[in-house]
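Visitor: Sharing a structure with you now.
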Amino acid sequence: MPGLSYRSSRPDGWNVPRPHNDASVRFMKHGPIQPMEEPHSPGFLARLFNRR
């Protein structure tokens, strides 16, 4: 009997990957890719020393 397995609920989402969405589906769902930071945001040193 060690070959039998029993699962009482659905597998966790971390263990079972979602089906692949192509780029056009992602674009329709979320819109265009946005930059990580805004273009006018100050750099690291400017933020560190409070200079703009």
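Visitor: Can you name the residue in the stretch 40-52 that is at pLDDT below 80 and of a type in the set (K, R) and, of all such residues, is least open to solvent (accessible area, probe 1.4 Å)?
Guide: So, considering only residues that are at pLDDT below 80 and of a type in the set (K, R), the one least open to solvent (accessible area, probe 1.4 Å) is R51.
Visitor: So E37 fits all but one of (1) part of a loop (DSSP other than H, G, I, E, B); (2) at pLDDT 75 or above; what number is the exception?
Guide: It is condition (2) that E37 fails.
The values are calculated or read from the model by the stated rules, or taken from the named source; none is laboratory data. Computed from a prediction, not measured in an experiment: that's the story for all the values here. For the accessible areas, the whole protein counts, side chains as well, though only heavy atoms, and no ligand, DNA or RNA atoms are used. Shrake-Rupley method; radii C 1.70, N 1.55, O 1.52, S 1.80 Å.
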